[in-house]
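Since the structure comes first, as structure tokens, the remarks are kept for the end.
The values are calculated or read from the model by the stated rules, or taken from the named source; none is laboratory data. Everything quoted here is computed from the prediction, not taken from an experiment. So basically every Cβ, Gly included, is an ideal-geometry build from the backbone, and we count neighbours across all protein chains shown.
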Amino acid sequence: MRGNRRKTTLLLLIFAAGVLCALSLTGELLAETASAADFSRKNLPPCPACPFGTDWMGRDMLARTLAGLSLSLRVGALTAAASGAVALVLGTAAAALGGWADALISWVIDLVMGVPHILLIILISLACGRGFWGVTAGVALTHWTSLARLVRGEVLQLKETPWLRMSRRLGVSRSALLRNHLLPHLLPQFLTGVILQFPHAILHEASVTFLGFGLPPEQPATGIILEESMAYLTTGRWWLALFPGLSLVLLVVLFALIGERLRLLLSPAAAQE
Amino acid sequence: MKKTIFRLFSALLAFTLLAGCRAVPPAEASQDKNSVTVVMPPTSEPEAGFDPIHGWGAGEHVHEPLIQSTLTVTNPDLTIGYDLATGMEAGEDGLTWTVTIREGVKFTDGTDLTATDVAFTYNAARDASSVTDLTMLDYAEAVDDTTVVFHLTRPFSIWPYTMATLGIVPEDTYDPATYGSSPIGSGRYKLRQWDRGQQVILEYNTDYYGDLPRMEQVTILFMEEDAAFLAVQAGQADLAYTSAPYADQTVDGFSLLSVKTVDNRGINLPTNVTSFSAVRSGNVFIGDSRMVRQAINLGIDRQAMIDNVLNGWGTPAYSVCDGLPWYSSVNEVECDREKAAALLDAAGWLPGAGGIREKEGIQAQLTIHYTAGDSVRQGLAAELANQLGELGIKANIKGVGWDTAYDDALSNPLVWGWGAHTPMELYNIYHTAPGSDSAQYSPYSNTKVDELMDAALACTDLEKSYALWQQAQEEIANDVPWVWLVNADHLYWVRNGLQVAQQKVHPHGHGWSIVNNVDQWEWNS
């Protein structure tokens, strides 16, 4: 049986969401195992007992990778939610209020976008005392801008559409306007935008941690794992960097995929294709 | 057509990228009989240059200044020998030191080195207050051309060890702005070239007053550990530092040299932790009783630590100064878990839920801090945590930066690295700091220890002062304010045929110590 595209997309989405849930759950359960040092099995290459090998302290790299990805997911979820909320509020405010409010918000967006992301994240993370909350704050406070600009543009455009102007003339209430006309058009763009924040957030979390400004070294974060593996690459311990790095890329690709599919599914223009 | 251009362009790009990797011309290893190329960590490059007044040769990673001469030197057994000095004597009250110096010593600019240069150097170094600790020096004066008298503010019997670190500079031409990059000394070598961030080239001083150096040129490259290993594989160096994770590798034409050290690692156990915050962080356990700290000292298997973390390259550490003349063997303990358990029982910490000991509802737990990015300290912390687990103590580990580590150590165990060629280190770690009620790096105070150490410093006879330092350690051994774990061997890749002269026990720091006697190295013919 060949399902239509809507159905396959939906299945794919459910599958991807399942993978992510399972990942964050196992990572959470494996947190203890991931930091347990066992010097009797250090530097093992991948084998049936430890499919991803072990590092110089005998820690299981599979557990570390999973725990690291789950940590990344948590940072991703928190930052996507926070930056999404900021973007929605500021974007609509700018478009709806216009005038000096619009100018001010647009100026702030330009300001934040003008500074290189990674630099700003490092500064905010340091100011917030590093660690989980430092990184989360850093990523959340730098990633709302493009989404806010998108929301502002959408709302501005919708405001001038014939049906909206007509409804307003006919005396439809503001809340009904918002509910029936604005949200359905805004939602697909917004949700896709929020989902696409994830890969950004995860990569930035990893890179900031890799540079030593993020999560503390005893936490099995992907950035920490990659940073530690650097010292052992010249002695041929390829598995320390390969599997965690590959897993990180796969996770990011998965999110990009979900975002793209979701957009196709929700967007009024593409949904019926 | 477009495609072809694109392909050509990509090929060109790939080529330039590859070529870029080779942009820095490799410093060719010295096959030449009388020169040697040595690789050190980038942290060994002296920031203030080769200026003894601003810390060259002194401080945490003490070593011989090579370009300058010192008054005294430390012998292979860490007793005191003479370099520029020909005799020294402490005054009755221990407040003056009279030192006579060699005649006929010339700086590399041709001028004579006299007692005025010595006095100038010491007074300037005191005023510069760099890493060289000269707080006990009131002033130095030249009595005649070959006699200098040091006036101290307090008795300081180990002054000869201080004199072994400070290189002498010429008073007439010394300019603090330029001296660091163009030093003039009377040592075995002179600085020929210094490319900051890359290399230092030393050339032997043909006018040297002692035996002429056999190694005529020494090139020192600064590289990270992995780059150093690659340089060895490529044959670009004759000797390069390395560490335990690399020690199981083999490189054609090179063999591994291991040097014994007092480069120790140990943890402090704050003895005064009784506050509420300490209860919450669990560390009240350490401060509870000296029996608890004795149990930790007894219950750890140092050899297992060496095997696990250092791949066997190390020796057990029982003090901050193992094997040095002022070391007391009273510190040595055998791992005895049963006795450790008995001590914990006696202190009231009894086995509770999940195998973790408890007392009055408080769990026996502590958090071992280590400095982030140091894999040896991280490994030691993890191994120590595992071993403490076997004693029924729950130990967590936490990586911190040096920006917070000193403060953390006032209430938590921290993995430290020490090891110097002077008994002053004992004083710095255990003696109650002036104007405070406990020692500098970790809360500890014992009036008996203070008295013994003060007596050791006031002693006018250096040999006799060793015994007092040893007595102080016997007192400390009872309190266990620090637990010493391992002395990490210093490992080097050495090109076959290079004879590295006998090394004295290396202090903390994996840099310049190895070239202390580079003048006596030789190539096999």
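Observations on the model:
- Residues that are in a loop (DSSP other than H, G, I, E, B) and more than 9 Å from every other protein chain (Cβ to nearest Cβ) were ranked within region A:205-214; the one that is nearest to the chain's Cα centre (by Cα) is A:Gly214.
- A:Ile105 being away from every other protein chain (no Cβ under 14 Å), more than 22 Å from the chain's Cα centre (by Cα), modelled with pLDDT of 90 or more and assigned to a helix (DSSP H, G or I): yes
- Test: residue in region B:472-479 that is within 18 Å of the chain's Cα centre (by Cα), at pLDDT 90 or above and either crowded, with 22+ Cβ neighbours inside 10 Å or in a loop (DSSP other than H, G, I, E, B) (or both): no
- Identity of the residue in region A:215-248, farther than 21 Å from B:Ala382 by Cβ and of a type in the set (Gly, Ala, Ser), that ends up farthest from the other protein chains (Cβ to nearest Cβ): A:Ser247
- Scanning region B:289-313 for residues that are touching a helix residue (DSSP H, G or I) at 6+ places or on another chain (Cβ under 9 Å), within 14 Å of another protein chain (Cβ to nearest Cβ) and not hydrophobic (A, V, I, L, M, F, W, C) yields B:Asp301, B:Asp307, B:Asn308, B:Asn311, B:Gly312.
- Tally of residues being modelled with pLDDT of 95 or more and in contact with a Pro (Cβ under 8 Å, 6 or more places away or on another chain) across region B:275-304: 2
- So B:Thr121, is it in contact with a strand residue (DSSP E or B) (Cβ under 6 Å, 6 or more places away or on another chain) and surrounded by 15 or more Cβ atoms within 10 Å (Cβ to Cβ): no
- Filtered residues of region A:37-69 (kept if more than 27 Å from the chain's Cα centre (by Cα) and of a type in the set (D, E, K, R)): A:Asp38, A:Arg41, A:Lys42, A:Asp55, A:Arg59
- Selection status of B:Asp112, within 21 Å of B:His54 (Cα to Cα), out of contact with any His (no Cβ under 6 Å at 6 or more places or on another chain) and surrounded by fewer than 23 Cβ atoms within 10 Å (Cβ to Cβ): no
- Whichever residue in region B:201-260 is away from chain A (no Cβ under 14 Å), of a type in the set (Asp, Glu) and not in a strand (DSSP E or B) and, among such residues, is nearest to B:Asn308 (Cα to Cα): B:Asp252
- Condition met for B:Val262 (within 23 Å of the chain's Cα centre (by Cα), β-branched (Val, Ile, Thr) and modelled with pLDDT under 95): yes
- The set of residues from region B:369-380 being touching a residue at least 60 places away in the same chain (Cβ under 8 Å) and either at the interface with chain A (Cβ under 9 Å from one of its Cβ atoms) or surrounded by fewer than 19 Cβ atoms within 10 Å (Cβ to Cβ) (or both) comprises B:Ser375, B:Gly379.
- Residue selected from region B:390-403 under the condition more than 10 Å from chain A (Cβ to nearest Cβ) and not basic (Lys, Arg), by the criterion surrounded by the most Cβ atoms within 10 Å (Cβ to Cβ): B:Ile393
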